[in-house]
Ligand SMILES: [Zn+2]
């Protein structure tokens with residue numbers, strides 16, 4: 001445990017949380033689920049390594065308690081690889097992140113996801129079993145309006 005004895009850093013933290021809530025609402029940047037604002041935590045996308053850039057806004061996103069707990073013990077890349085919908089959501093809710101982090105997330109999103117292309121790609125046996133279109137549809141584009 002490290003002491004958090006820097007009031008200016010603490011203020012920046014609170015400001016960033018408020019800014020992110022204003023930008024996206026209380027939506028988890030990893031699972032894409034909307035929660036009540038009071039439970040949302042700020043998550044450092046890249047882990048703390050004694051760097052002064054730790055509390056920079058371009059390293060922070062909103063995360064739900066569940067994702068925060070899962071991610072705590074993992075490297076960011078391993079966490080994103082654990083469920084690639086996290087990378088998709090991180091691209092959507094983390095546009096403010098540093099270019100390095102945006103590139104990392106983008107590299108994990110399968111090519112063609114945004115176009116939802118259903119071309120004949122049946123020969124690849126790696127991620128092709130995943131129905132990306134269904135995952136992306138978490139965005140409220142469901143045909144069921146009520
Ligand atoms: Zn989450």
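Residues that are in contact with a helix residue (DSSP H, G or I) (Cβ under 6 Å, 6 or more places away or on another chain) and part of a helix (DSSP H, G or I) were ranked within the stretch 1-31; the one that is modelled with the lowest pLDDT is 9.
Would it be correct to say that residue 43 is within 16 Å of the ligand (Cβ to nearest atom) and either touching a helix residue (DSSP H, G or I) at 6+ places or on another chain (Cβ under 9 Å) or in a helix (DSSP H, G or I) (or both)? Yes, satisfied.
Against the condition surrounded by 14 or more Cβ atoms within 10 Å (Cβ to Cβ), away from the ligand (no atom under 16 Å from the Cβ), at pLDDT below 95 and farther than 23 Å from residue 108 by Cα, how does residue 53 come out, does it pass? No.
Residues checked against (1) modelled with pLDDT of 95 or more; (2) assigned to a loop (DSSP other than H, G, I, E, B); (3) over 11 Å from the mean Cα position of the chain (by Cα):
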position	(1), (2), (3)
90	yes, no, no
100	no, no, yes
116	no, yes, yes
127	no, yes, yes
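The values are calculated or read from the model by the stated rules, or taken from the named source; none is laboratory data. Note that this is a predicted model, so its numbers are computed, not measured. Don't worry about glycine lacking a Cβ; one is built from the backbone with ideal geometry, like all the others, and counts go over all protein chains shown.
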